[in-house]
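The values are calculated or read from the model by the stated rules, or taken from the named source; none is laboratory data. Being a predicted model, the structure only gives us computed values, none of them experimental. With ideal geometry, Cβ positions are generated from the backbone for all residues, glycine too; neighbour counts draw on all protein chains shown. Quick note on the areas: whole protein, heavy atoms, side chains included, nothing else; ligands and nucleic acids left out. Shrake-Rupley method; radii C 1.70, N 1.55, O 1.52, S 1.80 Å.
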Amino acid sequence: MATRPAGDVVTATAVRRAFGETAVLDGVDLTIGAGEVVALLGGSGSGKTTLLRILAGLDPDATGDWRVRGSLAVVFQEHRLLPWKRVSDNVALGVAGPDVRRRTAAALAEVGLAGRERAWPAELSGGQSQRVAVARALVREPDLLLLDEPFGSLDALTRLRMQALFGRLRAEHGFAALLVTHDVEEALLLADRTLVLDGGRIVDDAPVPLAHPRAPDDPGFGTLRRHLLDRLGVPAAA
Amino acid sequence: MTTAVTPRPPATTRKAPARAPRTARRWRWQRAATPVALVALWEISSRTGVLPEEKLSPPSQVLRTGWRLAADGTLATHLLDSLTRAGAGLAIGAGLALVLGSVAGLLRIGDDLVDPPVQMARMLPHLALVPLLIIWVGIGEELKITLVSLGVFFPMYFNLYAGIRDIDERLVEAARTCGLGALARIRHVILPGALPSLFLGLRLATGAAWLSLVVGETVATQSGIGFLMMEAREFSQTDVVLVGLFVYALLGLLSDLVLRIAERRALTWRRGLRAT
Ligand SMILES: Nc1ncnc2c1ncn2[C@@H]1O[C@H](COP(=O)(O)OP(=O)(O)O)[C@@H](O)[C@H]1O
Ligand SMILES: [Mg+2]
């Protein structure tokens, strides 16, 4: 495990972004500590992807102050693998150094795709492609991982496996992460803290004081779940 | 490019290739029947005098003449001259298209400055420029090479431009987050992403090159396949005219074949796309 910088990996204050007249982000404050996994929840169109793209340095038109300390890797909602590169070359994209091959193979083994180095992206299933995208992020040994609904497009079973994989990788590598999700359960399973984005601001910031490994039937899970659903504006079942 | 997010096609497509060969073979047989019958009819009509020799030589005569011209080296000399013209024109036209297409496709300012005039020039059928070109560059080699270059330039330019423009912006973004700078993004994302269109452009361009050559070589030429045909016309040697015609056709066929093979090798990743 690489040595991590102490202190916060992300500090952002008063981040704003408007598309035309509508301000999608209207003063977002956010900090993420080293090694901390923060889940960002919010309704569809609440600006989660917009915020993640700003932190990833992909949005030149945002205003406010934000800073990412240390290295950064992104896993998008779609795998975004280059179809003309074999799996190993996709993982190694932009990675320099003498032992790239070994590191690539190790990253692929970590996501359960050992030996698939020579496959083309088109030969993989959706879940496998997304795991390659995770390997592509891991091989960079990032201090901060930005994930935009990374498991949202997968079937329920694959999603559960990917969530377990994320938990293991996180325990092993100790990266900090901003996990964008619309799945309350996923947030509570994986995150140390949950944020709710609504009306362009962070309206809720709550720690998840549960021990790992977690399961949805743990005591305390239900209360946290209810709280988040309330903040997301989902009425309790009658 | 949407290939990056295209879900795996359903498994049924995997069965199709297994069944294909047998049907394909039967079809090839059926499809060969009419051409063979037509050639036979042509030969018979010539021999019975229905088709006069000075209008159309029989296929057997065309074959003999082709053999004679090949054996005494005439064909090779003229073919070499034609190929030189095509090669020079292809190199110039494709080179220009690569430079201008990249500038227009990659840079906003290039798009604004280069694309509008090219789009306008596209409307001119380049073969109709012959009279003007004769005034500008004369009737020598320059005319032929300019014509071929013009024929090559447009399909290459448009396909390269479209190929670059169609690249999925999300892939470029992903490459950026992987730490790739502008040049590395061009090398790893834009160039391979535009390669399928580039090949399409190249195939259309070689077709246009042969067509331009045919037209160019009918204008005041002392050598080349076109010259061979024009000279034969003066003496009503329809067999030589037909040999030239077939050589042109063969050139088109061969170049397309070579490009298809090169394309298959360069775009292996697409085969994976189709096979699964
Ligand atoms: N490039 C864009 N141009 C215009 N509007 C956009 C653009 N990107 C996002 N938006 C708008 O911003 C809002 C937030 O989008 P997004 O951040 O993708 O939401 P989320 O990821 O939370 O579902 C949406 O209303 C969307 O329509
Ligand atoms: Mg989103």
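Look through B:236, B:255, B:212, B:197 and report the one residue that is of a type in the set (Ser, Thr, Tyr) and surrounded by fewer than 17 Cβ atoms within 10 Å (Cβ to Cβ). Break it down into steps so the answer makes sense when it comes.
Details: B:255 fails: surrounded by fewer than 17 Cβ atoms within 10 Å (Cβ to Cβ); B:212 fails: surrounded by fewer than 17 Cβ atoms within 10 Å (Cβ to Cβ); B:197 fails: surrounded by fewer than 17 Cβ atoms within 10 Å (Cβ to Cβ).
After ruling out the rest, the residue left standing is B:236.
When residues in segment A:164-202 are screened for being open to solvent by less than 50 Å² (accessible area, probe 1.4 Å), within 16 Å of ligand 1 (Cβ to nearest atom) and of a type in the set (D, E, K, R), 2 of them pass. Take the conditions (1) within 16 Å of ligand 1 (Cβ to nearest atom); (2) part of a loop (DSSP other than H, G, I, E, B); (3) within 14 Å of another protein chain (Cβ to nearest Cβ); residue A:233 misses just one of them, which is (3).
Where residues in segment A:116-131 are more than 12 Å from chain B (Cβ to nearest Cβ) and under 17 Å from residue A:165 (Cβ atoms), which of them is surrounded by the most Cβ atoms within 10 Å (Cβ to Cβ)? Spell out how you get there, then give the answer.
Narrowing segment A:116-131 to residues more than 12 Å from chain B (Cβ to nearest Cβ): A:116-117, A:131.
With under 17 Å from residue A:165 (Cβ atoms) added as a condition, the list becomes A:116, A:131.
Values: A:116: 19, A:131: 27.
Filtering segment A:116-131 for residues that are more than 12 Å from chain B (Cβ to nearest Cβ) and under 17 Å from residue A:165 (Cβ atoms), the one surrounded by the most Cβ atoms within 10 Å (Cβ to Cβ) comes out as A:131.
Scanning segment A:73-82 for residues that are more than 14 Å from ligand 1 (Cβ to nearest atom) and acidic (Asp, Glu) turns up nothing. For a quick check of your reading of the model, give me the residue pairs whose first member lies in segment A:53-76 and is away from every other protein chain (no Cβ under 13 Å), whose second is open to solvent by 80 Å² or more (accessible area, probe 1.4 Å), with beta-carbon atoms closer than 7 Å and at least 6 apart or on different chains. Every condition considered, the pairs that remain are A:62/A:16; A:63/A:16; A:64/A:16. Considering (1) open to solvent by less than 20 Å² (accessible area, probe 1.4 Å); (2) at the interface with another protein chain (Cβ under 9 Å from one of its Cβ atoms); (3) assigned to a helix (DSSP H, G or I), the lone condition that residue A:89 does not fulfil carries the number (1).
Being within 16 Å of ligand 1 (Cβ to nearest atom) and at the interface with another protein chain (Cβ under 9 Å from one of its Cβ atoms) is the filter here, so list the residues in segment A:132-149 that pass it.
Taking segment A:132-149 first, the residues within 16 Å of ligand 1 (Cβ to nearest atom) are A:146-149.
Passing the criteria: only A:146.
Hey, which of the strands (runs of 3 or more DSSP E) in segment A:1-73, taking only ones fully inside, have at least 3 residues that are surrounded by 19 or more Cβ atoms within 10 Å (Cβ to Cβ)? Write out each step before concluding.
Working: elements: A:8-19, A:22-33, A:37-42, A:63-68.
In segment A:1-73, A:8-19, A:22-33, A:37-42 are the strands (runs of 3 or more DSSP E) which contain 3 or more residues that are surrounded by 19 or more Cβ atoms within 10 Å (Cβ to Cβ).
Just one residue in the set A:226, A:161, A:231 is farther than 30 Å from residue A:106 by Cβ, open to solvent by 70 Å² or more (accessible area, probe 1.4 Å), in contact (Cβ under 8 Å) with a residue 12 or more places away in the chain and of a type outside the set (Gly, Ala, Ser); that residue is A:231. Of the residues A:125, A:153, A:129, the single one that is more than 24 Å from residue A:11 (Cα to Cα) and modelled with pLDDT of 95 or more is A:129. Mind checking whether some residue in segment B:93-110 is exposed (fewer than 15 other Cβ atoms within 10 Å of the Cβ), modelled with pLDDT of 90 or more and farther than 30 Å from residue B:269 by Cβ? Scanning segment B:93-110 turns up at least one residue that is exposed (fewer than 15 other Cβ atoms within 10 Å of the Cβ), modelled with pLDDT of 90 or more and farther than 30 Å from residue B:269 by Cβ. In the set A:52, A:81, A:41, A:93, only one residue is over 16 Å from residue A:176 (Cα atoms), within 13 Å of ligand 2 (Cβ to nearest atom) and modelled with pLDDT of 95 or more; that residue is A:41.
Only one entry of B:220, B:175, B:162 meets the criterion of being within 13 Å of chain A (Cβ to nearest Cβ) and touching a residue at least 12 places away in the same chain (Cβ under 8 Å), and that entry is B:175.
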